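Each remark here refers to the structure printed beneath this line.
Each value in this text was obtained by applying a stated rule to the coordinates, not by laboratory testing. Bear in mind that the values here come from a model prediction, so they are computed numbers and not experimental data. Neighbour counts are summed over all protein chains in view; Cβ atoms, including those assigned to glycine, are modelled from backbone coordinates with ideal geometry.
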Amino acid sequence: MDGLYDAQGRHIHYLRVSVTDRCNFRCRYCMPGRDIEWLAPDQILRYEELLRIIRVFVRLGVDKVRITGGEPLMRKNILSFLGNVAEIPGINELVLTTNGSLLEQYACGLKQAGVRRINVSLDTLNPSRFTDLAGQDQLDQVLAGLDKAQAVGLSVKINMVVMKAVNSDELADFAALTLQHPYQVRFIEYMPFGSESNRLLTANEMKEQLSTAGYTRLVPETSDESVAQIYRLPGALGTIGFITPISRHFCHTCNRIRLTADGCLKPCLLSNQEYSLRELLRSGISDSELMIRMKDIVFHKPAQHQLDANHKSHRTMSRIGG
Ligand code: SAM
Ligand code: SF4
């Protein structure tokens, strides 16, 4: 069988690459404590090292790559790196996740580099709440970035992490964005990454809340997405997605593997299992040896996450990439 498969028979062809652990925001749910110690420069993979790992994965059958962080747009020369990734034959989809703060200035360059679609994290449309949640007064910059992304023709998904009694009263406002814009607004169940475990609002509760606000008809859309349930409000330009890592986990269809900025492969977001490739790369491992190692790591991907069994992550989300 060609391609990468794990012991459960899942076909793994989506690689998420974190290019930095640094970020100009301090989102409460991502960096609890907010007092972060950054990786030293030599702990972070150089672009050549990242490109080598991506190329080897593509030879093994990976066809979708997402660049994330920390905040990926904060890493120097990110556009030329993205251009190099986009040119790797075999990659059908190159996407990026960003907090949007630098998007106005980067949108055009992203498009030119070969990125077709971006996910922008935005949890509130209220300026003072934004400052409280992200630790920075930058809502206007993010909104300007969204406009610019749309203007240059990037396809945009907005990721809202929904937290009970924090921003859950804004569900209807976010849904309303899809009436006027071709965005896909994705409501993501909050994952308690070692903090505030009582913030979860399930997708069913979100749907009830939208219905109470007057959005009674969510029309299901067909989609090849494995992680989101997609709907459209009647007449809307955009769509609404629900991502349910907690209430209805999608582990059985998981097709992804993660590479952290310090060179660890993480076969599951919600497991502490990880395998460093950095020292192997730096001690002269050949591509064929690297392939064998990668196949073995993928094969041992955990069957499903352990979040409900009081999993405590050894890494903050910002050190994984989401
Ligand atoms: N800085 C970029 C951004 O914010 O989009 C990329 C990295 S961020 C770690 C990637 C994604 O992880 C974001 O969409 C963020 O909302 C999500 N995330 C972080 N902590 C989370 C949590 N506890 N539960 C659910 N999603 C989380
Ligand atoms: Fe930074 Fe993204 Fe984490 Fe917010 S979610 S602190 S923007 S890495």
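Taking every alpha-carbon pair under 8 Å whose residues sit at least 6 apart, the stretch 14-320 reaches a relative contact order of 19 percent.
Cα-based values for the stretch 242-290, radius of gyration first and Dmax second, are 14.3, 44 Å. Here residue 301 is the anchor, and the lysines within straight C-alpha reach of less than 17 Å, apart from those fewer than 8 places off in the same chain, are 266. Centroid-to-centroid, using Cα positions, the stretch 200-231 and the stretch 1-47 are 28 Å apart.
Fewest neighbouring Cβ atoms within 10 Å first, the residues 152, 298 line up as 152, 298. Counting each pair of different Cα atoms once, what's the Kirkwood radius of the stretch 177-299 in Å, rounded to one decimal? That comes to 17.4 Å for the stretch 177-299. For the stretch 72-158, trypsin sites (Lys or Arg not before Pro) are listed when DSSP marks them as loop and at most 13 other Cβ atoms sit within 10 Å of their Cβ; the list is 76. The ellipsoid that matches the Cα gyration tensor of the stretch 14-320 has semi-axes, each √(5λ) in whole angstrom, of 31, 22, 20, with the longest given first. Short-range pairs are left out: with C-alpha atoms under 8 Å and at least six residues apart, the relative contact order of the stretch 215-291 is 16 percent. Here the relative contact order of the stretch 149-235, from alpha carbon pairs under 8 Å that lie six or more residues apart, stands at 26 percent.
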